[in-house]
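S.K.: Below you'll find the structure I mean.
Only the coordinates and a few stated rules stand behind these numbers; no lab work does. Please read all numbers here as calculations on a predicted model, not as lab measurements. Cβ placement follows ideal geometry from the backbone for every residue including glycine, while neighbour counts extend to all protein chains displayed.
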Amino acid sequence: MDPLEELRRLCLAQPEATERLSHGEPTWFVKGRKTFVMFADHHHDDRLAFWCAAAPGTQEALVAEDPTRFFRPPYVGHRGWLGVYLDVRVDWAEIGELVADAYRYVRYGAP
């Protein structure tokens with residue numbers, strides 16, 4: 001399974017989600033305006049990952065629980081965004097939940 005294609009499928013399944021390049025990477029937006037997920041293809045290191053919006057406390061909890069799968073991304077990590085590695089064993093059902101939560105958090109202000 002191609003991680004970008006699967007991530008794209010999950011993001012575009014959200015109502016009124018759109019995709020365009022931002023900072024050279026595929027990025028998904030709510031109604032074409034607010035970012036909820038950014039792909040990170042070795043963008044700032046040698047890892048394949050994505051960054052997503054997350055409710056307060058989510059980033060800290062998941063990074064503490066499993067730092068081999070989750071991290072604090074550069075630039076947006078200070079705002080609580082979550083980094084998710086895609087070059088490890090991936091649970092796509094869990095990724096789907098994170099994507100949906102990110103979408104709802106950006107669109108409605110709650111997961």
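S.K.: Identify the residue in the range 47-100 that is part of a loop (DSSP other than H, G, I, E, B) and among the aliphatic types (A, V, I, L, M) and, among all such residues, is farthest from E5 (Cα to Cα). Even if it seems obvious, please write down each step before you answer.
M.R.: Keep residues of the range 47-100 that are part of a loop (DSSP other than H, G, I, E, B), which gives 47, 53-57, 66-69, 72-76, 80-81, 86-91.
After this cut, where a residue has to be among the aliphatic types (A, V, I, L, M) as well, the list is 53-55, 76, 86, 88, 90.
On the way: A53: 19, A54: 22, A55: 25, V76: 23, L86: 12, V88: 16, V90: 14 Å.
This residue is A55.
S.K.: Let me ask something else. Taking the range 25-46 only, how many residues are within 17 Å of L82 (Cα to Cα), part of a loop (DSSP other than H, G, I, E, B) and among the charged types (D, E, K, R)? Walk me through how you get there before you give the answer.
M.R.: Of the range 25-46, the ones within 17 Å of L82 (Cα to Cα) are 25-29, 34-45.
Of the ones still in play, those that are also part of a loop (DSSP other than H, G, I, E, B) are 42-45.
Then drop every residue that is not among the charged types (D, E, K, R), which leaves 45.
Selection size over the range 25-46: 1.
S.K.: Shifting gears a bit: Taking the stated definitions as given, is V106 assigned to a helix (DSSP H, G or I), touching a Lys or Arg at 6+ places or on another chain (Cβ under 8 Å) and either of a type in the set (A, V, I, L, M, F, W, C) or without any contact (Cβ under 8 Å) to a residue 12 or more places away in the chain (or both)? First the steps, then the outcome.
M.R.: Details: assigned to a helix (DSSP H, G or I): yes; touching a Lys or Arg at 6+ places or on another chain (Cβ under 8 Å): yes; either of a type in the set (A, V, I, L, M, F, W, C) or without any contact (Cβ under 8 Å) to a residue 12 or more places away in the chain (or both): yes.
Yes; evaluated as a whole, the condition is true for this residue.
S.K.: Among the residues in the range 33-50, are any surrounded by 15 or more Cβ atoms within 10 Å (Cβ to Cβ) and touching a Pro at 6+ places or on another chain (Cβ under 6 Å)? Even if it seems obvious, please write down each step before you answer.
M.R.: Going through the range 33-50, the residues surrounded by 15 or more Cβ atoms within 10 Å (Cβ to Cβ) turn out to be 35-40, 43, 47-50.
Subset that is touching a Pro at 6+ places or on another chain (Cβ under 6 Å): 39.
Yes, some residue in the range 33-50 is surrounded by 15 or more Cβ atoms within 10 Å (Cβ to Cβ) and touching a Pro at 6+ places or on another chain (Cβ under 6 Å).
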